[in-house]
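Undergrad: Right, I'll just put the structure down here and ask away after.
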Amino acid sequence: MASFVLYSILSAVFLYFVFITSRKRRRLPLPPGPKPWPIIGNLPHMSPVPHQGLAAMAKVYGPLMHLRLGFVDVVVAASASMAAQFLKVHDSNFSSRPPNAGAKYVAYNYQDLVFAPYGPRWRLLRKISSLHLFSGKALDDFRQIREEEIRVLVRALASAKTKVNLGQLLNVCTVNALGQVMMGKRVFGDGSGGSDPEADEFKSMVVELMQLAGVFNIGDFIPALEWLDLQGVQAKMKKLHNRFDRFLSAILEEHKTKARQSNGQVKHKDFLSTLISLENVDGAEGGKLSDTEIKALLLNMFTAGTDTSSSTVEWAMAELIRHPNIMAQVRKELDSVVGRDRLVSDLDLPNLTYFQAVIKETFRIHPSTPLSLPRMASDSCDINGYHIPKGSCPAAKGRTLMLGAMILRSYRSAPGVESVPE
């Protein structure tokens, strides 16, 4: 009997090693990429401007690359078709974000929409945002707000007697438009559209957040060094979080106070009112919302929707000034479709094909986020003949790639648009 048991154990061990060995033989290779250094991996190969460095590597290694950044496997999708494999074909496997200092120290420890792990809470936040902010009905309901803030901006520009800081005024416009949608009031200024010191402070906070998000924090790639904070990035993130938290806490408390004073009788229900009402509702899947989650969601909306929009418009104006022939074509189309007796409306956009092409070309040459936020593989998978290991982080080269087909389609419907030299 003992010999039979021993024989069975040895047979099981033998079959296990045969199985493991055969799996290793069958496993597809990793995508190509530069040879990593010990411990630090390919960190020395990274350019000070990451998206430009990755674009240069893609010319050598192809549209799908594998890098080892410290102890983290990173897969780079450097073409639109390759990015679609991660974002469309295998999207459910790459829905979560990898651990990082920004999510931990700025975004309320992963309690926001952007960095929350895929699951019931994330689905709840996504559902709330999609229904109350991004649905067709919500966009139609907020159209009057957008158009009113544009009128305020145009009046401010028309009444200016001296040179203006366009980027500053655009930032005030976008923040106030988002503020009206999010909490039913302008965040900065008195409605005249002029500059505001508080708006400048908020813009500096958003810009600092974007800069910190783009820093290669060594603690994210070599976790054993995280506690040392060698670059001081985590300390800066904590200070920035405190500034944002004071700003958002004041907004939330003010809104709750006004709601109590009005006994819930609000004329227009804004997004923040909806979020506050959900604090007392136990969702079937995601549960109740907390104050922290509400502030985290507001942080996402204000940071992602303000500087990105205003900087894109600022770049578009800069390129139009540099290319007066294209400026003339845009003005000609606007005069033809809209006329000179009113402002442009959302309803005009389908008929402004040349104008749309100009905006999309601006996205191409001046993307607000050249690299999309990284995602993490929940399970190992095979893509384009290569093995993508579990836990690896795919990075797509953002709008530069994903809008390529859209730009070309717009060109076909708008003859005469030239691609702006980069």
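Undergrad: So which of S419, S410 ends up being surrounded by 15 or more Cβ atoms within 10 Å (Cβ to Cβ) and at pLDDT below 95? Even if it seems obvious, please write down each step before you answer.
TA: Details: S419 fails: surrounded by 15 or more Cβ atoms within 10 Å (Cβ to Cβ).
The match here is S410.
Undergrad: Which one is surrounded by the most Cβ atoms within 10 Å (Cβ to Cβ), of the residues in the range 135-172 that are without any contact (Cβ under 8 Å) to a residue 60 or more places away in the chain and of a type in the set (D, E)?
TA: The selected residue is E149.
Undergrad: Now for a different question. Based on what the data block shows, is V18 under 24 Å from G214 (Cβ atoms) and modelled with pLDDT under 90?
TA: Values: under 24 Å from G214 (Cβ atoms): no; modelled with pLDDT under 90: yes.
Taking the combined requirement at face value, the residue does not satisfy it.
Undergrad: Continuing with the same structure: Name the single residue that is nearest to T369 (Cα to Cα) among those in the range 35-79 being over 23 Å from the mean Cα position of the chain (by Cα) and in contact (Cβ under 8 Å) with a residue 40 or more places away in the chain.
TA: Residue satisfying both the conditions and the ranking: L43.
Undergrad: Mind counting the residues in the range 29-87 that are part of a loop (DSSP other than H, G, I, E, B) and not charged (D, E, K, R)?
TA: 21
Undergrad: Do you know which residues across the range 24-60 are at pLDDT 85 or above, within 17 Å of A80 (Cα to Cα) and surrounded by fewer than 17 Cβ atoms within 10 Å (Cβ to Cβ)?
TA: Result: A56, K59.
Undergrad: Out of V152, V106, report the one residue that is under 17 Å from the mean Cα position of the chain (by Cα), of a type in the set (V, I, T) and at pLDDT 90 or above. Write out each step before concluding.
TA: Numbers: V152 fails: under 17 Å from the mean Cα position of the chain (by Cα).
Of V152, V106, the one residue that is under 17 Å from the mean Cα position of the chain (by Cα), of a type in the set (V, I, T) and at pLDDT 90 or above is V106.
Undergrad: Next question, about the same structure. Out of all the residues in the range 92-143, which are more than 23 Å from M210 (Cβ to Cβ) and of a type in the set (A, V, I, L, M)?
TA: Scanning the range 92-143 gives L124, I128, L131, A138, L139.
Undergrad: Turning to a different aspect of this structure: Could you tell me which of the residues L133, L113, L124 is touching a helix residue (DSSP H, G or I) at 6+ places or on another chain (Cβ under 7 Å) and in the same structural domain as V215 (by TED's automatic domain parsing)?
TA: Values: L113 fails: in the same structural domain as V215 (by TED's automatic domain parsing); L124 fails: touching a helix residue (DSSP H, G or I) at 6+ places or on another chain (Cβ under 7 Å).
Exactly one residue qualifies, and that residue is L133.
Undergrad: So for the range 80-92 (the condition being in contact (Cβ under 8 Å) with a residue 60 or more places away in the chain, under 30 Å from M237 (Cα atoms), of a type outside the set (A, V, I, L, M, F, W, C) and crowded, with 19+ Cβ neighbours inside 10 Å), does at least one residue qualify?
TA: No.
Undergrad: Quick check on my filter: what residues within the range 118-145 are within 16 Å of L343 (Cβ to Cβ) and either of a type in the set (V, I, T) or under 21 Å from the mean Cα position of the chain (by Cα) (or both)?
TA: Within the range 118-145, I145 is the sole residue that qualifies.
Undergrad: If a residue counts only when it is more than 24 Å from K236 (Cβ to Cβ) and in contact with a helix residue (DSSP H, G or I) (Cβ under 9 Å, 6 or more places away or on another chain), which helices (runs of 4 or more DSSP H) contained entirely in the range 143-223 have at least 2 such residues?
TA: Working: elements: 143-159, 166-183, 197-213, 218-221.
So the answer is 143-159, 166-183.
The values are calculated or read from the model by the stated rules, or taken from the named source; none is laboratory data. Keep in mind it's a predicted model, so treat the numbers as computed, not measured. Don't worry about glycine lacking a Cβ; one is built from the backbone with ideal geometry, like all the others, and counts go over all protein chains shown.
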